[in-house]
Amino acid sequence: MNLLDSTNRIFDMSPEKLWHAASTFPVSINFALSSLCQAKCAFCHKERGISLTKPTMDYELARKIIDEASEEKFAGRFVLGDMGDAFLNPDIFRIFQYLRKKLPLAPIRLVTNMANADKRAADFLLRNKLTELMFNIDGSSKETYELVKKGLDFERISGNIRHFLKRRKELNSSCKAIVKILTVSRCYRYIMNRRSPYPDDSRKVMNYWKEMMNKDDIIYALNKKEVFLWRGNKGRPRKILRCPFRNIVLGSFFAAPDGQIYFCCLDYKPALRYGDVNKSTIKSIWQSEERWSIIRHILKNEYDLIGPPCNACPHPGAYK
């Protein structure tokens with residue numbers, strides 16, 4: 001079993017077992033390298049990153065986090081790309097290269113909109129053993145794609161994806177592609193609760209790109225249970241029944257561009273913070289009473305005692 005499989009298996013544990021597995025150090029370290037993004041997607045929150053003091057993470061701060069993970073013999077995964085697009089951090093290649101140097105076997109997932117994942121970037125990432133690349137393809141044509149991904153160019157994105165998949169094959173890379181689809185039709189139905197004037201072209205997207213993908217790749221269209229309700233929970237019970245990302249919260253360390261540490265990728269501001277990695281170590285923040293007091297509330301489903309963002313979670317799964 002490789003390190004990625006081991007990490008994924010940990011996240012599949014019961015919350016009680018994961019509590020013990022991640023009691024002293026996280027099993028996933030998530031770098032929000034940037035809160036910036038070229039796109040204004042129909043499904044993203046407009047106030048993303050408003051509480052931050054800087055929009056991109058400094059190389060020295062990223063290096064500090066990586067050094068501690070190396071010293072702790074970290075055997076989990078790294079995720080690059082929460083909040084904004086990682087490629088808008090001018091030091092992304094230096095950070096990635098240093099991460100790979102210090103932890104040569106660590107699984108690394110990169111989340112991007114693919115706007116800047118050009119030929120140079122693709123070659124660099126594949127040669128430096130990127131483990132997973134996650135991105136959206138939200139339409140089968142220029143018209144439908146750009147209605148969802150305002151600010152991005154369909155031809156440019158498609159060209160970058162095709163080149164990455166082609167180069168992956170040429171280099172015989174084992175990098176896995178994870179592709180999500182949220183078409184304009186589904187945005188109308190799931191987010192705006194309106195009938196869509198556009199047909200759902202999810203199947204067209206899947207049929208086109210599947211031809212270029214490997215058997216281990218994942219491509220799927222998001223359903224209503226997976227689309228975040230940024231516009232509020234109208235028509236749903238107000239009381240949160242359970243945290244849908246409970247295991248992610250229990251096992252993941254989220255570092256914002258300015259070094260603030262927060263609990264969850266759905267905390268778009270972020271509002272619920274519990275440390276600053278500029279001033280403290282990962283380990284001391286992770287084991288702090290400030291963090292554990294919130295975790296206890298989550299395990300007991302006491303979201304009103306936590307406050308925002310947990311008491312108004314945008315995930316539909318919180319109300320089931």
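The values are calculated or read from the model by the stated rules, or taken from the named source; none is laboratory data. The structure presented is a predicted model; accordingly, all values stated were derived computationally and were not measured. So basically every Cβ, Gly included, is an ideal-geometry build from the backbone, and we count neighbours across all protein chains shown. For the accessible areas, the whole protein counts, side chains as well, though only heavy atoms, and no ligand, DNA or RNA atoms are used. Shrake-Rupley method; radii C 1.70, N 1.55, O 1.52, S 1.80 Å.
Ordered from longest to shortest, the equivalent ellipsoid semi-axes for the stretch 14-103 are 25, 19, 11 Å, each the square root of 5 times a Cα gyration tensor eigenvalue. If every alpha-carbon in the stretch 66-138 counts as one equal scatterer, what log10 I(q)/I(0) does Debye give at q = 0.16, 0.23, 0.27 1/Å? Cα-only, vacuum Debye calculation for the stretch 66-138: -0.55, -1.10, -1.44.
Taking 7 Å steps out from each Cα toward its Cβ at residue 178 and residue 162 produces label points 2.7 nm apart. Here the average projected area of the convex hull drawn through the C-alpha atoms of the stretch 129-197 stands at 5.2 nm².
The residues neighbouring residue 141, those whose beta-carbon lies less than 10 Å from its own, together hold a net charge of -1 under the Lys/Arg +1, Asp/Glu -1 convention.
Volume per residue for the chain equals 128 cubic angstrom (convex hull of Cα atoms).
Calculated accessible area for the chain comes out at 48 Å² per residue, all protein chains present (probe 1.4 Å; ligands, DNA, RNA ignored). Across all directions, the average flat footprint of the convex hull enclosing the Cα atoms of the stretch 91-130 is 2.7 nm². Solvent-accessible area assigned to carbon and sulfur over the stretch 172-217 amounts to 42 percent, based on a 1.4 Å probe. The order of 146, 211 by accessible area, most exposed first and with a 1.4 Å probe, is 211, 146. Once all protein chains are placed together, residue 219 keeps about 20 Å² accessible to a 1.4 angstrom probe. Here the alpha carbons of the stretch 251-320 define both size measures, Rg and Dmax, at 12.3, 39 Å. Here the convex hull built on the C-alpha positions of the stretch 96-233 has a volume of 128 cubic angstrom per residue.
Placing +1 on the Cβ of every Lys and Arg and -1 on the Cβ of every Asp and Glu, with nothing else charged, gives the chain a dipole about its Cα centre of roughly 880 debye.
For every other residue with a beta carbon closer than 12 angstrom to the beta carbon of residue 178, add +1 if it is Lys or Arg and -1 if Asp or Glu, then tell me the sum. It works out to a net charge of 0. Each pair of Cα atoms in the stretch 31-76 enters the Kirkwood radius, and Stokes-Einstein at 37 °C and 0.692 mPa s then converts it into a translational diffusion coefficient of 256 µm²/s. Applying a 4.7 Å Cβ-Cβ cutoff to the chain leaves 37, 175, 187, 243, 264, 265, 310, 313 as cysteine residues with no disulfide-compatible partner.
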